[in-house]
Amino acid sequence: MSYEELLTETALANERVIVMTAENRALVRNLPAVLGKRFIDTGITEQTMIGAAAGLALRNRIPVIHALAAFLTMRAFEFVRTDLGIANLPGKLSGFIPGFLSDANGPTHQAIEDISIMRGIPNVTVFAPADEDDLVKMLPQIWQSPNPAYTRINTRKTGYEHEPFELGKAEVVATGSDVTILTYGLMFEQALIAVEILKNEGLSVGLVNMRSLKPVDEAIILQTAASSNLIVTLEDHFLTGGLYTIVAEVLLQYQTTAKVMPIALNERWFRPALLPDVLQNEGFTGKQIAERILGYQTGHTQPSILTPEFSE
Amino acid sequence: MENTKHSEQELKAIALNAREHIVRMSTAGGCFTGASLSAVDLIVYLYSEFLNITPSNLKDPNRDYLFLSKGHDVPALYGTFAELGLLEKERLQNHLSLNDHIYWHPNTHIPGVEFHSGSLGHLPSVAIGVAMDIKISGGENKVICIMGDGELNEGSCWEAVLVANAYKLDNLIFVIDRNHFQANMRTEDLIPLEPLTQKFESFGAAVQRINGHSYTELHQAFTAYPFQKGKLNVVIADTVRGKGLPSIEERADRWFCNFSADEVDQLLLELHGEHTTSLTSETLIVR
């Protein structure tokens with residue numbers, strides 16, 4: 001099932017759902033015909049769209065709100081914080097092309113602080129599915145929850161079949177005593193490759209798909225800290241404010257510590273190019289991640305990475 | 001004025017009482033006195049005559065909606081609420097107290113406040129969402145959003161006008177409290193707005209420009225609602241900052257006031273035209 005199919009099914013089953021976009025129609029092309037007046041395109045006005053979503057939610061609607069992640073979370077930041085956050089209204093933000101998925105657009109379109117700023121708003125929940133299968137398993141609960149929610153939309157196919165989703169819970173893909181990779185979103189795809197390489201090199205390797213970054217699965221983080229010699233936080237996000245920071249907060253809160261290797265973008269935007277080249281250039285392919293953890297080069301080959309279709 | 005629920009004298013009496021409440025809140029920490037006084041007649045008219053909002057229908061989905069986007073006018077709103085039975089008068093004595101929620105900007109702890117405000121340029125879009133839902137649901141409710149003229153500096157106000165025009169929201173009325181001042185100075189000396197009527201008209205709105213202290217003109221304008229089928233309604237109400245207190249009227253430095261207890265007593269007399277106050281309290285610029 002695709003994102004659009006799920007949204008169509010959900011909106012047809014529930015009159016409360018209103019689909020909104022600030023002229024970002026890539027994922028909602030067929031919805032105007034299906035929903036009629038319950039589809040609202042406000043044009044390139046992220047602020048007005050969020051304010052209007054708050055107004056719709058005041059009238060008991062559930063607005064599912066689309067825009068590019070960078071503009072949804074940053075152009076309209078204060079509207080999200082003030083109109084949805086303070087009032088705790090169930091506006092459901094779908095941020096398109098987050099992280100490396102903005103590939104060749106350039107730094108204006110790079111949402112690599114989105115997790116950080118959205119999770120900083122009281123009442124706002126934050127989610128990052130690993131792929132399309134994960135996305136469609138997560139969204140029904142996200143849309144049903146009473147809170148504002150921000151979801152990093154990721155419609156890539158990895159072939160991995162995910163467990164049912166539970167809000168606030170991570171998905172343990174594998175457990176291992178030498179190293180455990182904690183990741184979310186797009187990087188899950190490369191983490192799967194890294195895990196295979198690390199296993200072939202003789203390590204006991206764990207992998208956790210975080211899924212829900214706020215509320216976060218504290219128990220999994222604490223368990224990993226206790227059971228694995230090394231935690232790797234892997235994310236296409238700035239080093240500040242994302243998963244690495246979340247792990248640090250949890251460990252400190254529970255007065256424990258762990259050896260943690262962060263793989264993230266440290267105080268810089270990434271060099272724009274098509275996605276496979278971005279991952280290679282930034283050192284975020286599965287093979288590069290594995291070799292960074294190992295500390296040496298291996299003879300493994302990196303599987304090819306699909307270039308996403310251009311869509312804005 | 002014809003076909004009104006109240007006579008002009010009655011409306012003026014409500015407004016005078018609301019102004020007294022504002023003056024009483026302008027001490028021990030103070031409030032946005034000058035800004036609030038310009039909006040009193042507008043707010044009194046809308047709640048007394050135009051809107052279907054009563055103490056008993058505040059949760060009714062068929063009620064009308066008023067959004068005060070110019071949030072610092074909140075003393076005018078609460079003063080009016082107190083006179084119309086929406087808010088217990090005694091609660092106004094809790095102004096700025098931790099024991100209540102009567103502070104410098106509106107919040108939904110106060111019955112009748114539809115949405116919090118304070119950050120300018122937000123409620124035009126929130127009002128749009130409500131107006132859109134009423135269109136989708138097939139309701140007849142009216143939706144009003146009051147904005148300040150200084151607030152019109154915010155780009156989001158104009159975004160909202162574009163979107164309201166695109167969606168033909170003729171159930172929505174943007175009311176501009178055009179007191180010709182922004183926080184520290186005259187609007188035309190900082191970010192000129194005129195010709196304001198033409199600006200809104202060129203964005204597709206149907207505009208009425210009136211004297212915002214004349215109940216006759218307010219009544220003429222609002223009884224013409226909807227001004228034009230399929231068009232956003234805009235009322236530009238020309239008003240006077242500090243209206244009712246000649247000693248602070250049209251003064252750039254009396255946006256926010258924190259008077260001494262003695263000055264409050266004198267200003268209450270001044271409201272009744274019996275006195276002119278000589279103010280010695282410091283002026284406050286908080287922005």
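What percent antiparallel are the DSSP beta bridges of chain A, to the nearest 5? Don't skip to the end; give the middle numbers.
Numbers: 6 of 41 bridges.
Around 15 percent of the beta bridges assigned by DSSP in chain A are antiparallel ones.
Kindly express, to the nearest 10 degrees and within the range 0 to 90, the angle between helix B:74-84's C-alpha long axis and the longest C-alpha principal axis of chain B.
Tilt of helix B:74-84: around 90 degrees.
According to the square roots a ≥ b ≥ c of the eigenvalues of the Cα gyration tensor, what is the shape class of the range B:168-249, taking rounded for a/c under 1.5, prolate for a/b larger than b/c otherwise, and oblate for the remainder?
Values: a/c = 3.11, a/b = 1.48, b/c = 2.10.
Oblate, since a/c reaches 1.5 and b/c is not below a/b.
What is the Cα centroid distance between the range B:225-287 and the range A:98-115, reported in whole angstrom?
Value for the Cα centre distance between the two parts: 48 Å.
What's the FRET efficiency of B:D262 with B:N99 using the Cβ-Cβ distance as r and R₀ = 35 Å, to the nearest 0.05?
Working: r = 26 Å, r/R0 = 0.74.
Plugging the Cβ-Cβ distance into 1/(1 + (r/R0)^6) gives 0.85.
For B:S36, B:S117, which order do you get if you count the other beta carbons within 10 Å of each Cβ and list the fewest first? Numbers along the way, then the final one.
Details: B:S36 33, B:S117 27.
Sorted ascending by nearby Cβ count, the order is B:S117, B:S36.
Rounded, prolate or oblate, given the Cα gyration tensor of the range B:60-170, with a/c below 1.5 counting as rounded? Spell out each step's value before the answer.
Numbers: a/c = 2.79, a/b = 1.53, b/c = 1.82.
Verdict is oblate for the range B:60-170.
Over the alpha-carbon set of the protein assembly as shown, divide Rg by the Kirkwood Rh and report the Rg/Rh ratio to two decimals. Don't skip to the answer; put the middle values down first.
Numbers: Rg = 28.0 Å, Rh = 26.3 Å.
Answer for the protein assembly as shown: 1.06.
Can you tell me the relative contact order of chain B? Whole percent, Cα pairs under 8 Å, sequence separation 6 or more. All intermediate terms of the calculation are to be shown ahead of the outcome.
Values: 567 pairs, mean separation 62.6, N = 287.
In percent, rounded to a whole number, it is 22.
Which order do peptides A:169-179, A:186-196, A:252-262 fall in by mean Cβ count within 10 Å, highest first? Walk me through the intermediate numbers first.
On the way: A:169-179: 18.1, A:186-196: 24.5, A:252-262: 12.4.
Answer by packing, highest mean first, reads A:186-196, A:169-179, A:252-262.
Can you give the percent of C-alpha pairs in chain B whose distance is more than 28 Å? The partial results should precede the final answer.
Values: 13046 of 41041 pairs.
The proportion of pairs with Cα distances above 28 Å equals 32 percent.
Under the definition of partner shielding as Cβ atoms of other protein chains within 10 Å of a residue Cβ, what is the mean value for peptide A:15-26?
Values: counts 2, 0, 0, 4, 0, 2, 0, 0, 0, 0, 0, 0.
Mean inter-chain Cβ contacts per residue within 10 Å come to 1.
Using Cα pairs closer than 8 Å and at least 6 residues apart in sequence, work out the relative contact order for the range A:171-294, in percent. Spell out each step's value before the answer.
Details: 195 pairs, mean separation 36.5, N = 124.
So the answer I get is 29 percent.
For the range B:189-287, which chymotrypsin sites (Phe, Trp or Tyr not before Pro) pass both filters: DSSP loop (anything but H, G, I, E, B) and at most 16 other C-beta atoms within 10 Å?
Details: sites: B:F200, B:F203, B:Y215, B:F222, B:F227, B:W255, B:F256, B:F259; in loops: B:F203, B:F227, B:W255.
Here the chymotrypsin sites (Phe, Trp or Tyr not before Pro) that fit, given the DSSP loop and packing criteria, are B:F203.
From the convex hull of the Cα coordinates of the range A:171-294, what is the mean projected area in square nanometres?
That works out to 7.0 nm².
Are there any GluC sites (Glu not before Pro) in the range A:1-63 that are in a DSSP loop and have at most 11 other Cβ atoms within 10 Å? List them by number.
Working: sites: A:E4, A:E5, A:E9, A:E15, A:E23, A:E46; in loops: A:E15, A:E23.
Here no loop site has a sparse enough neighbourhood.
Take a quick pass over the range A:134-288 and tell me how many lysine pairs come in under 18 angstrom between Cα atoms, counting only ones 8 or more apart or on separate chains. Could the numbers behind the result be given before it?
On the way: A:K137/A:K157; A:K137/A:K169; A:K137/A:K214; A:K169/A:K214; A:K199/A:K287.
Within the range A:134-288, the lysine pair count is 5.
Are there GluC sites (Glu not before Pro) in the range B:1-73 that DSSP marks as loop and that have at most 10 other Cβ atoms within 10 Å, and which are they? Let's see the in-between values first.
Numbers: sites: B:E2, B:E8, B:E10, B:E20, B:E49; in loops: B:E2.
Qualifying residues, ordered by number: B:E2.
Apply the Kirkwood formula to the range A:7-152: the hydrodynamic radius equals the inverse of the mean of 1/r over all pairs of different alpha-carbon atoms; give it in Å with one decimal.
Values: mean 1/r = 0.0670 Å⁻¹.
One decimal place: 14.9 Å for the Kirkwood radius.
Take every Cα-Cα distance within the range B:1-52, group them into 5 Å bins from 0 onward, and report for each bin the whole-number percent of pairs it holds.
Histogramming the range B:1-52 at 5 Å steps yields 4, 20, 27, 20, 13, 9, 4, 1, 0 percent.
Quote the charge dipole size of chain B about the Cα centre in Debye, to the nearest 20; the model charges only the Cβ of Lys and Arg (+1) and of Asp and Glu (-1). Display every interim value, and only then the final one.
Working: 23 positive and 37 negative charges, 146 e Å.
So the dipole magnitude of chain B works out to roughly 700 debye.
Pairs of alpha-carbon atoms within less than 8 angstrom and 6+ residues apart define the contacts here; what relative contact order does the range A:7-152 have, in percent? Could you put the intermediate results ahead of the total?
Values: 249 pairs, mean separation 31.7, N = 146.
Here the relative contact order equals 22 percent.
Could you list which residues have their amide H under 5 Å from that of A:T21, counting only those 5 or more apart in sequence or on another chain, with H placed in the peptide plane?
Amide H neighbours of A:T21: A:I40, A:D41, A:T42, A:H66.
For helix A:3-13, report the angle its Cα long axis makes with the longest principal axis of the Cα atoms of chain A; keep it between 0 and 90° and round to the nearest 10°.
Here the helix axis deviates by roughly 40 degrees.
Evaluate peptide B:132-139: per residue, the Cβ atoms of other protein chains within 10 Å of its Cβ; return the mean as an integer. Working shown, then result.
Values: counts 11, 13, 2, 1, 9, 5, 1, 1.
Mean inter-chain Cβ contacts per residue within 10 Å come to 5.
FYI, it's all coordinate maths here, none of it is from the lab. These numbers were taken from a predicted model, which means no experiment stands behind them. As a convention, Cβ positions derive from the backbone with ideal geometry for all residues, glycine included, and neighbour counts pool all protein chains shown.
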